[in-house]
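> Handing you this structure, nothing more for now.
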Amino acid sequence: MAGQLIAAAAPRLTADEAIRIADEQMRRHQQNPNAYQRPPGWNYAFRENLWRVFYNRKPVQNFTPHVVFVVTIADKTKQTTFTKKD
């Protein structure tokens, strides 16, 4: 999943910074970010000033990868939310 900016105005964080912060949150929740597809998918929502970084399972035979974890990062405060998807 390629990253995308959803807006005209530039966020404070870069995509690389958002991914680094999200990787740190994955580790805090006992998850190895490298066990998931790299680079993770991401987007930036201008109206909400939020980054979302998506961690997908690595593909294996007869298994379709899907989003397992989402880390949301507030662009201005760097506050994070860690969400596990079912």
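> Please identify the pairs in which a residue from the range 22-33 that is without any contact (Cβ under 8 Å) to a residue 60 or more places away in the chain and of a type in the set (A, V, I, L, M, F, W, C) has its Cβ atom under 8 Å from the Cβ atom of a residue that is part of a helix (DSSP H, G or I) and surrounded by 10 or more Cβ atoms within 10 Å (Cβ to Cβ), counting only partners at least 6 apart or on another chain.
Listed pairs, sorted by first residue: Ala22/Pro33; Met26/Pro33.
> Then there is this: Give the range 14-49 a look and list any residue that's part of a loop (DSSP other than H, G, I, E, B) and surrounded by fewer than 19 Cβ atoms within 10 Å (Cβ to Cβ), or say none.
Residues satisfying the conditions are Thr14, His29, Gln30, Gln31, Asn32, Gln37, Arg38, Pro39, Phe46, Arg47, Glu48, Asn49.
> Moving to a separate point now. List, please: which pairs have Cβ atoms under 6 Å, are six or more places apart or on different chains, and start with a residue in the range 65-86 that is without any contact (Cβ under 8 Å) to a residue 60 or more places away in the chain and under 20 Å from Ala10 (Cβ atoms) and end with one that is in a strand (DSSP E or B) and among the β-branched types (Val, Ile, Thr)?
Thr72/Thr81
> Just one of Thr72, Thr81 is at pLDDT 95 or above, crowded, with 18+ Cβ neighbours inside 10 Å and in a strand (DSSP E or B); which is it?
Thr72
> Only residues that are hydrophobic (A, V, I, L, M, F, W, C), within 14 Å of Tyr36 (Cα to Cα) and under 8 Å from the mean Cα position of the chain (by Cα): list them for the range 49-68, please.
Once the filter is applied, which keeps residues that are hydrophobic (A, V, I, L, M, F, W, C), within 14 Å of Tyr36 (Cα to Cα) and under 8 Å from the mean Cα position of the chain (by Cα), the range 49-68 yields Val53, Phe54.
> Those residues that are polar (S, T, N, Q) and surrounded by 17 or more Cβ atoms within 10 Å (Cβ to Cβ), I need them from the range 50-69; list them, please.
Asn56 - this is the single residue of the range 50-69 that is polar (S, T, N, Q) and surrounded by 17 or more Cβ atoms within 10 Å (Cβ to Cβ).
The values are calculated or read from the model by the stated rules, or taken from the named source; none is laboratory data. Predicted model only: the values in this text are computed from it and were never measured. Heads up, the Cβs are rebuilt from the backbone with ideal geometry, glycines too, and the neighbour counts pull from every protein chain shown.
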